[in-house]
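The values are calculated or read from the model by the stated rules, or taken from the named source; none is laboratory data. This structure is a prediction, so every number in the text was calculated from the model and none was measured. Note that we place each Cβ from the backbone using ideal geometry, even for glycine, and neighbour counts take in every protein chain shown. Accessible surface is based on the protein model in full, side chains and every heavy atom, while ligands, DNA and RNA are left aside. Shrake-Rupley method; radii C 1.70, N 1.55, O 1.52, S 1.80 Å.
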Amino acid sequence: MRRLRTAVLISGRGSNMQSLVADARDPAHPAEIVLVASNDPTCEGLKWARQEGLAVAGVDHRIHASREDFERVLNITLGIHRIELVCLAGFMRLLTPWFVKAWAGRLINIHPALLPSFRGLHTHARALAEGVKIHGCTVHYVVPAMDEGPIIAQAALPVRDDDTPDSLATRVLSLEHKLYPHALRLVAGGGVRVQENRTITGRDGREQETFIVPPLD
Ligand code: GRF
């Protein structure tokens, strides 16, 4: 079985990247993670990946004159590693339409909210401020507009009376660690078709699971 050569882009601690790497250690996984890259060469996640013996690349955005220059170097790095699919996992740089279009259909992201609610930052504090009872995370294809693009899979949990932004962040993060590996398997396995702004994931007459809800405790 040919496995899709996949890169994970991070900016910080990289816990989502670690969950993707752990799942893709399965030789039957349709994706092979062959590169972990970051715009911050000193970040924690990159150190972890290096220790694991993965190929890593630090492309420091601060030494490039423009966003475009940074992305061109990033794009060349992806090319050198013959990358076919890119997973953004806590990658905190906005990507230009040029880069996003170059990777259209091959670039996915995880967002810590149930899109289309709470695009952008501080999603957990904003969810609490709005008083929502359900919160969660979303894996979606990346399009030029931030946190838009066809949704691949979502996971949800109930908001508790005593939740704080931190407690919600912790519970959503552990859901992210289940959702992202699941979504990567779907995408890399060829089980996801995009139709306008939707993804169709049914295959051979069977629905694929694209919604995760942990049991209530
Ligand atoms: C995650 O919550 C991700 O959804 C968001 O930033 C956080 C990154 O965490 N975009 P990590 O670096 O994967 O631990």
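For Gly45, state whether it is within 16 Å of the ligand (Cβ to nearest atom) and in a loop (DSSP other than H, G, I, E, B). Answer is no for this residue.
Reported count of residues in region 24-38, each being out of contact with any Cys (no Cβ under 9 Å at 6 or more places or on another chain) and touching a residue at least 12 places away in the same chain (Cβ under 8 Å), is 10.
Could you check, for region 59-70, whether at least one of its residues is of a type in the set (Ser, Thr, Tyr) and under 20 Å from Met17 (Cβ atoms)? Scanning region 59-70, I find no residue that is of a type in the set (Ser, Thr, Tyr) and under 20 Å from Met17 (Cβ atoms), so the answer is no.
Return yes or no: is Thr123 hydroxyl-bearing (Ser, Thr, Tyr) and either modelled with pLDDT under 95 or over 16 Å from Gln154 (Cβ atoms) (or both)? Explain how you work it out, then say what you get.
Details: hydroxyl-bearing (Ser, Thr, Tyr): yes; either modelled with pLDDT under 95 or over 16 Å from Gln154 (Cβ atoms) (or both): no.
No: the conditions fail for Thr123.
Only a single item in (1) within 25 Å of Arg5 (Cβ to Cβ); (2) open to solvent by less than 60 Å² (accessible area, probe 1.4 Å); (3) not in a helix (DSSP H, G or I) is not met by His135, and it is number (1). Taking first residues from region 6-23 that are at negative phi and partners that are in a strand (DSSP E or B) and open to solvent by 30 Å² or more (accessible area, probe 1.4 Å), the Cβ contacts under 8 Å between residues at least 6 apart in sequence or on separate chains come to Thr6/Glu32.
For (1) within 20 Å of the chain's Cα centre (by Cα); (2) part of a loop (DSSP other than H, G, I, E, B); (3) under 21 Å from Leu85 (Cβ atoms), each residue gets a yes or a no:
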residue	(1), (2), (3)
Leu175	yes, no, no
Pro181	yes, no, yes
Val194	yes, no, yes
Glu209	yes, yes, yes
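Can you pull out the residues in region 68-126 that are part of a helix (DSSP H, G or I) and either within 16 Å of the ligand (Cβ to nearest atom) or aliphatic (A, V, I, L, M) (or both)? Before the answer, list the steps.
Our first condition is that a residue be part of a helix (DSSP H, G or I); within region 68-126, this holds for 68-80, 97-102, 123-126.
Once the filter is applied, which keeps residues that are part of a helix (DSSP H, G or I) and either within 16 Å of the ligand (Cβ to nearest atom) or aliphatic (A, V, I, L, M) (or both), region 68-126 yields Val73, Leu74, Ile76, Leu78, Ile80, Val100, Ala102, Thr123, His124, Ala125, Arg126.
A count restricted to region 148-158 and to residues that are part of a loop (DSSP other than H, G, I, E, B) and surrounded by 19 or more Cβ atoms within 10 Å (Cβ to Cβ) stands at 2. Here Ala7, Ala65, Ala57 are screened, and the one residue that is closer than 21 Å to Thr96 by Cα, away from the ligand (no atom under 16 Å from the Cβ), open to solvent by less than 60 Å² (accessible area, probe 1.4 Å) and not in a helix (DSSP H, G or I) is Ala57.
For region 19-33, which positions are open to solvent by less than 60 Å² (accessible area, probe 1.4 Å) and either aromatic (Phe, Trp, Tyr) or under 16 Å from the mean Cα position of the chain (by Cα) (or both)? Within region 19-33, Ser19, Leu20, Val21, Ala22, Asp23, Ala24, Ala31, Ile33 qualify. So for region 110-121 (the condition being under 13 Å from Leu9 (Cα atoms) and open to solvent by less than 50 Å² (accessible area, probe 1.4 Å)), does at least one residue qualify? There is at least one residue in region 110-121 that is under 13 Å from Leu9 (Cα atoms) and open to solvent by less than 50 Å² (accessible area, probe 1.4 Å). Taken over region 167-194, the criterion of being over 29 Å from Met1 (Cα atoms), open to solvent by 30 Å² or more (accessible area, probe 1.4 Å) and in contact with a His (Cβ under 8 Å, 6 or more places away or on another chain) is satisfied by Ala169 alone.
Tyr141 meets the conditions (1) touching a strand residue (DSSP E or B) at 6+ places or on another chain (Cβ under 8 Å); (2) within 14 Å of the ligand (Cβ to nearest atom); (3) open to solvent by less than 40 Å² (accessible area, probe 1.4 Å) in every case but one. The failed one is (2).
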